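Notes follow once the structure below has been shown.
Nothing in this text is a laboratory measurement; each read-out follows from the coordinates by a stated rule. Predicted, not measured: the structure shown is a model, and the values here were computed from it. Note: ideal-geometry Cβ built from the backbone for every residue, glycine included; neighbour counts use all protein chains shown.
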Protein chains: 2
Amino acid sequence: MALIVQKFGGSSVGDASKIKHVAKRVIETQNAGNQVVVVVSAMGDTTDELIDLAQSVAPDPYASGREMDMLLTAGERISMALLAIAINAQGGKSQSFTGSQAGIITSNKHGDARIAEVTPDRIQEALHAGNIAIVAGFQGFNKETRDITTLGRGGSDTTAVALAAALDADLCEIYSDVDGVYTADPRVIPSAHKLEKIDIESMLELAAAGAKILHIRAVEYARRHGVDLRVRSTFSKDPGTIVYSSNGEHMEEPIVSGVATDKGQAKITIIGIPDEPGKAAEVFRVVAEADSNIDMIVQNNPTGVDVTDRVADISFTLPLGDLGRVAGALEGAKATLGFRELEQDADIGKLSVVGAGMRTHSGVSATLFKALADAGINIEMISTSEIRISVVTSSKQLDDAARAVHKAFGLDSDTEATVYAGTGR
Amino acid sequence: MALIVQKFGGSSVGDASKIKHVAKRVIETQNAGNQVVVVVSAMGDTTDELIDLAQSVAPDPYASGREMDMLLTAGERISMALLAIAINAQGGKSQSFTGSQAGIITSNKHGDARIAEVTPDRIQEALHAGNIAIVAGFQGFNKETRDITTLGRGGSDTTAVALAAALDADLCEIYSDVDGVYTADPRVIPSAHKLEKIDIESMLELAAAGAKILHIRAVEYARRHGVDLRVRSTFSKDPGTIVYSSNGEHMEEPIVSGVATDKGQAKITIIGIPDEPGKAAEVFRVVAEADSNIDMIVQNNPTGVDVTDRVADISFTLPLGDLGRVAGALEGAKATLGFRELEQDADIGKLSVVGAGMRTHSGVSATLFKALADAGINIEMISTSEIRISVVTSSKQLDDAARAVHKAFGLDSDTEATVYAGTGR
């Protein structure tokens, strides 16, 4: 008997008929001989509606972090109870559990708590009694303060993965309205195709590079705890994409699994900053104090007549939403930092090529840069990891760039076979 | 420093502006030098909306009693968190607590749990830290199963009274859109006036006799634990009505505090039932098995030629909603019970006159019956307690009867002084 954790997002439980559909699906999984734990998000727009309500009673409701968590957790409470009611009405046997009841123990950072420990005794009891266990995603509790917490962005996916790890589940299925992981965003590249499987390292790089299908936090948790994931659609029987953490198969890995694009980034360039030891550190301390996570950094070769008046330029990318705040902080420190000028660019895009096979295959960057050059794309910045190459382009050129690269690596669906060099499939 | 428990019903927290108003009021109570615990119901129609949702995913959601309780408790979770957020935004300091966190321990009868114990440690901690403690009404948890429960009808009033008792509060204020306890329903009798105070025994009789202002269950809890109540309006500064449990004042009590009417009753008459020992017991066993609580019972003098074929008539009143079910059960047992005929009457009304002073004053029933006779009201049944006289009339005559009686006991507002014989007010 396998133990499967299934996570259904807000759009999967958006109304009564969808909840009944999910109930049917969950019962089928149990009837196929599995123990089933279901993690649910709040229905559709419930969370946004609750936030609206909070903003209508207070100008800055997040100042009451503990109370906002209490408020927002009502959303999953509603969806989980409704799903359990629907399952029971369809002849199944289920019980719902809050994050606290499910043993999701977290740090005490309200609105963005980290999972510290999972003690799923009540879930195990429910499973042993033959129940389908429904668990509220996105929430937990802090042991010291005995207060309810929420996990922030990606919280429900993370709840599912954390429960799968703690229960030693055979598989963690993440359901949404997308039927798997694609080689690129199909809205940008219609020839993108769905991957049958992908290794967790590549999934992590894709998530970090802007692919929205799985939250990086959940992928990271799965990687660390060796949880296998399956990404699939609530509304089709398609098997979706397996994201494997376990390396039992020793299969050869595709050189390039996919191409991710991200328009949610911006660039700041600091021009004419003295080329002195510790200047870059000063710059990034100011950025960190403005509470932003920077991504790529480039420093050009310093120019100047002699050593004492040599100046450099530093460029870095950061989330678009942080641009104004960080630029303001840097301008405020202009005198101290001693730079000449600061440029902001909100119109950039990041393109990343990811594949575990890069570790053992050379020539990937050559193929990438040739494809971009042939398509007339100007590259502004470059960064690499062991299994990823990212470039920054203008946001206008990003989609063209992605299409050219996708094709160059043989990812277009009519050339699918060439991607999985050596896998024998 | 006094400790005050304030309960606000669903209409008092029905929207954002009302929640902000309640927040202001609660802060004022604290600023006046009190410790404040606030019990809230779900906002306006939230509970009905949640029930609708449940009925849209299952034909009989109440079959999942545990899950319905999980679902419905989301309503208070929302209102309590919003109130805490509003208080904090207005410069107050508050924390919200679920029934479970507030230590409301109950039986495990989902949907209608009884409070077994209250252990308000966290509330006391919050108060000592200078916080206003906001508590979800209507809910608790069962210690053995660790499941969330709801308290059923009158649950939020009962939560407030139970917390007041456990915290040894000085006063429990019940806020609604009504500004106190009246001598009669002002919609029926415009000359009814608000009572400044009333003893808890009389309040209990009024609630039992159909007065809607306080739920009988909360009044009974207050009586048993000696909790003083104040009934007042959320939307005015009127001091409302004190319902005193403590008899410290040794004040003289009004002969008649108020007149209550109840159109939610029906009458069943069983005609021609053998006048044998145990027949009445058989009848009421059938009624009890049909899960109905009867109120008044009258058995007439048996008639018949000789002892062996003497027959009697038995009439009793019961909640209108139970009429069909109970009549059906009795008809089903007709052969066993051996009665001749069963009459149902859905058009009755019950009028009750309540006053603690009846214990020491005679002549109340004489005044009552003369007033009814003068007004041409036909009395169908009569029942009495130590401090109450109730009569059943036709529902058509009920309002006229109430007006006549209200006037006869000097309760009309222009003759108020005569009511409180001996109180010196």
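Table for the structure above
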| quantity | calculated |
| --- | --- |
| Interatomic Cα distance distribution for the protein assembly as shown, bins of 20 angstrom, percent | 13, 33, 29, 15, 8, 1, 0 |
| Cα-based shape type of chain A, given that a ≥ b ≥ c are square roots of the gyration tensor eigenvalues and the cut on a/c is 1.5 | oblate |
| With Cα atoms, 0 to 90° folded angle of helix A:16-31 axis to chain A main axis | 70 |
| Inter-label distance, nm, simple model (7 Å from Cα along the C-beta direction), B:Glu343/A:Lys370 | 10.5 |
| Residue-span extension gain [B:Lys109 to B:Lys93] - 0.36 nm each, minus C-alpha spacing | 2.3 nm |
| Whole-Hz ³J(HN,Hα) from phi, Karplus 6.51 cos²θ - 1.76 cosθ + 1.60, for the stretch A:142-156, glycine and proline x | 9, 5, 5, 8, 6, 9, 6, 10, 10, 9, x, 4, x, x, 6 |
| Rounded to 10°, Cα long-axis angle of helix B:395-408 versus longest principal axis of chain B | 70 |
| Under 20 Å between alpha carbons - lysine pairs in the stretch A:249-425 that sit 8 or more apart or on different chains | 13 |
| Two-site FRET efficiency, B:Ile379 against B:Asp48, from Cβ-Cβ distance with R₀ of 41 Å, rounded to 0.05 | 0.60 |
| 20 Å Cα-Cα reach of B:Lys143 towards aspartates and glutamates, excluding residues that sit fewer than 8 places from it in its own chain | A:Asp121, A:Glu125, A:Asp147, B:Glu67, B:Asp69, B:Asp112, B:Glu117, B:Asp121 |
| Residues in the stretch B:254-277 reached by a label modelled at B:Thr360 [backbone nitrogen below 11 Å; 7 Å Cα→Cβ] | B:254-255 |
| Inter-site label distance for A:Lys237 and B:Asp121 at 7 Å from Cα along Cβ, in nm | 5.4 |
| Label-point separation in nm, A:Met1 to A:Asp60, each point 7 Å along Cα→Cβ | 5.2 |
| Nearest 10 degrees, 0 to 90: helix B:279-289 Cα axis against chain B principal axis | 30 |
| Residue order, fewest to most surrounding Cβ atoms within 10 angstrom, among A:Thr149, B:Thr384 | B:Thr384, A:Thr149 |
| Net charge of neighbours whose Cβ lies under 14 Å from the Cβ of B:Ala288, counting Lys and Arg as +1 and Asp and Glu as -1 | -3 |
| Residues of type lysines that A:Lys18 reaches as a straight line, Cα spacing below 25 Å, ignoring anything fewer than 8 places off in the same chain | A:Lys7, A:Lys93, A:Lys194, A:Lys212, A:Lys237 |
| Residues listed by number, the stretch A:78-119, amide nitrogen under 18 Å from A:Lys143 label point at 7 Å toward C-beta | A:99-110, A:113-119 |
| R0 of 51 Å, Cβ-Cβ distance B:Ala335-A:Asp15: FRET efficiency to nearest 0.05 | 0.50 |
| Shape category assigned to the stretch B:1-141 from the gyration tensor of Cα positions, a/c cut at 1.5 | oblate |
